[in-house]
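Asker: Sharing a structure here in structure tokens format.
Bear in mind these aren't lab numbers, they're just calculated from the coordinates by the rules spelled out. The structure presented is a predicted model; accordingly, all values stated were derived computationally and were not measured. We place every Cβ from the backbone using ideal geometry, glycine too, and count neighbours over all the protein chains shown.
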Amino acid sequence: MHLTFYFNCKQELELPIHYNHLVQAALYNSIDSELAAFLHSKGYAHEKRTFKMFSFSRLQGNFKLDKKKEKIIFEDKIKLTVSSPVEKFCESLTHTLLTRGKIRFGSNELEVSKVHAEHMHVDNDTIKIVSLSPIVLYSTLFRPDGRKYTCYYQPLEPDYNILLTENLKKKYRAFWNSEPPAAELDVQTINTPKLHIVKYKGTIIKGYSGKLLLSGPQKLLQMAVDAGLGSKNSQGFGCVKLLSGV
């Protein structure tokens, strides 16, 4: 399910340019405490990988940047999209925010004006999507001296489809506790992907935004739409929206 929350700012909302951790904390603080503890500490596991099974968009609204202070200032109304296949998560988040009528990003409190809920059903083996937050895919590699480094990938690179498919299949196994479809995904770009360099609690993360054409098993495509595409979804990456007109 996709939930789009609309917020009113009583005054200008000033946040750090790299604010993903503040939104993530606000979401954890806006769901049932037991569910929050489960997702934060355990999540849905398969072998050595765990998944939180939610993603969220960038904050959307009129803003200005203060690059010297590394601040982003939103001027009035903003919205945030959150997606998840976990019904309890969606129900708890909606109930809490509508009951409280407010959300807090760091020291900033915003009024919740409304929420729009939408089930984005995948009913085809080819879909068109647009990213609402950058899509991250990476591998951890080793230098000749044994030191680790992170290699980030962009659409159309040779390993991109393989890594994307593997990630979705791991999510499917962790969430459904069953084997995913065997077929691979094919990814085609609709426009030129845009690189985003984001700091998350001091760590540099690279992701790409844009429109993509995905082809593959419907069950994997549905997982991508609901849980997020690529890695680090619960940190505010890989939230996507279905587009019409394939």
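Asker: With labels modelled as points extended 7 Å from the Cα through the Cβ direction, what inter-label distance (nm, one decimal) is found for Ala182 paired with Asp159?
Answerer: Between Ala182 and Asp159, the label points sit 2.5 nm apart.
Asker: Here's something else I'd like to know. Positive end of the dipole of the chain, charges at C-beta (+1 Lys, Arg; -1 Asp, Glu), about the Cα centre: which of Ile73, Tyr208, Thr126 has its Cα farthest in that direction?
Answerer: The one lying farthest along the dipole's positive direction is Ile73.
Asker: For a quick check, take a GNM of the chain with Cα springs below 10 Å and name the residue from Phe105, Phe51, Phe63 with the largest mean-square fluctuation.
Answerer: Phe63
Asker: Where does the chain land at 222 nm, in deg cm²/dmol rounded to the nearest 500, when only DSSP H runs of n ≥ 4 count, each adding -39500 (n - 2.57), divided by all residues?
Answerer: Calculated at 222 nm, the ellipticity per residue is -7500 deg cm²/dmol.
Asker: Shifting gears a bit: Once you have the Cα-Cα distance between Lys201 and Glu75, take 0.36 nm times their residue separation minus that, and quote the gain in nm to one decimal.
Answerer: Full extension from Lys201 to Glu75 adds 42.9 nm.
Asker: OK, next. Please compute the alpha carbon radius of gyration of segment 126-171, then divide it by the globular-protein estimate 2.2 N^0.38 Å. Two decimals is fine.
Answerer: 1.39
Asker: Next up: Determine the shape class of segment 83-225: with a ≥ b ≥ c the square roots of the Cα gyration tensor eigenvalues, call it rounded for a/c under 1.5, and otherwise prolate if a/b is greater than b/c, oblate otherwise.
Answerer: Taking the square roots of the gyration eigenvalues as a ≥ b ≥ c, segment 83-225 is oblate.
Asker: Please give the residues of segment 94-118, grouped as numeric ranges, whose backbone N is less than 14 Å from a label point set 7 Å along the Cα-to-Cβ vector of Ala25.
Answerer: 104-109
Asker: Out of segment 65-111, which GluC sites (Glu not before Pro) are coil in DSSP terms and have no more than 13 other C-beta atoms within 10 Å?
Answerer: When the GluC sites (Glu not before Pro) of segment 65-111 are filtered for loop state and at most 13 Cβ neighbours within 10 Å, Glu70 remain.
Asker: What percentage of all Cα-Cα pairs in the chain are separated by more than 34 Å?
Answerer: Here the long-distance tail beyond 34 Å is 15 percent of all Cα pairs in the chain.
Asker: Looking at the chain, identify the longest residue range that excludes and avoids all trypsin sites (Lys or Arg not before Pro) in DSSP loops having at most 11 other Cβ atoms within 10 Å.
Answerer: 70-146
Asker: Let me ask something additional. Of Tyr44, Tyr6, how do they rank once you tally other Cβ atoms within 10 Å and put the fewest first?
Answerer: Starting with the residue having the fewest Cβ neighbours, the order is Tyr6, Tyr44.
Asker: Follow-up question, since we're still on this one. Using a Cα-Cα cut-off of under 19 Å, which lysines could be cross-linked to Lys88, ignoring same-chain neighbours fewer than 8 residues away?
Answerer: Candidates past the 8-residue exclusion: Lys42, Lys52, Lys171.
Asker: Sorted from largest down, give the three principal axis spans of the alpha carbons of segment 2-118, whole angstrom values.
Answerer: Largest to smallest, the principal-axis extents are 44, 31, 24 Å.
Asker: Once you charge only the Cβ atoms, +1 for Lys and Arg and -1 for Asp and Glu, what is the size of the charge dipole of segment 2-118 about its Cα centre, to the nearest 20 debye?
Answerer: Charge dipole of segment 2-118: 320 debye, to the nearest 20.
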